[in-house]
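Okay, structure first, notes after.
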Amino acid sequence: MERIRVGRLGRGRPRTRPDHLGGDKAYSSRRNRRYLRRRQIKHTIPEPGNQRANRKRRGGRPTGFDKTIYKRRNEVERTINALKNFRAVATRFDKRAYVFQGTVTVAAIRLWLRG
């Protein structure tokens, strides 16, 4: 998570602190949540059942979880998986970044026209 970089629309170096972070249950450790709170990064990460049971036994407040934001994360994940159905995107035959970006753009346009 130290390598997170959020590009800017204009000039300037990328930000190292995103506005919001969405993750799946694998990133729900206490250490990750503490790190995000310390850096003041809002997050939407579901809590697995075993962590919920341990928290209830030891006490503590429940983690904040917004289902609508999590649904948006799912939409992004499904779109990325749809892009990977294009062979050139999945295997990245293109060696140069700008050519690969063009390939992804063409694949996204094809998905958009199909949908």
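Scanning segment 63-98 for residues that are assigned to a loop (DSSP other than H, G, I, E, B) and under 24 Å from Arg30 (Cα atoms) yields Thr63, Gly64, Phe65, Asp66.
Among the residues of segment 12-29, just one is within 15 Å of the chain's Cα centre (by Cα) and more than 14 Å from His43 (Cβ to Cβ), namely Thr16.
Scoring Ala82 on the criteria (1) in contact with a Leu (Cβ under 6 Å, 6 or more places away or on another chain); (2) surrounded by fewer than 11 Cβ atoms within 10 Å (Cβ to Cβ); (3) among the hydrophobic types (A, V, I, L, M, F, W, C) leaves a single failure, condition (2). Sub-9 Å Cβ pairs linking a first residue in segment 103-115 that is under 13 Å from Arg87 (Cβ atoms) to a second residue that is among the basic types (Lys, Arg) and assigned to a loop (DSSP other than H, G, I, E, B), at least 6 apart or interchain, are Thr103/Arg92, ordered by first then second residue.
Cβ contacts < 6 Å: first residue within 12 Å of Arg39 (Cβ to Cβ), restricted to segment 11-22; second residue hydrophobic (A, V, I, L, M, F, W, C) and part of a strand (DSSP E or B), any location; separation 6+ or different chain. Result? So the pair list comes out as Arg15/Val6; Pro18/Val6.
Selection of segment 1-11 for residues being within 14 Å of the chain's Cα centre (by Cα) and not in a strand (DSSP E or B) yields Met1, Arg3, Ile4, Arg5. For segment 12-44, a tally of residues being assigned to a helix (DSSP H, G or I) and surrounded by 15 or more Cβ atoms within 10 Å (Cβ to Cβ) returns 4. Please indicate, with yes or no, whether at least one residue in segment 45-62 is under 19 Å from the mean Cα position of the chain (by Cα), surrounded by 13 or more Cβ atoms within 10 Å (Cβ to Cβ) and part of a helix (DSSP H, G or I). No, segment 45-62 contains no residue that is under 19 Å from the mean Cα position of the chain (by Cα), surrounded by 13 or more Cβ atoms within 10 Å (Cβ to Cβ) and part of a helix (DSSP H, G or I).
Out of Arg73, Arg34, one residue alone is touching a strand residue (DSSP E or B) at 6+ places or on another chain (Cβ under 7 Å) and of a type in the set (Lys, Arg). It is Arg73.
Where a number appears in this text, it was derived from the coordinates with a stated rule and is not lab data. As the structure is a computational prediction, the values presented were derived from the model and not from experiment. Every residue, glycine as well, gets a Cβ built from its backbone with ideal geometry; the counts of neighbours run over all protein chains shown.
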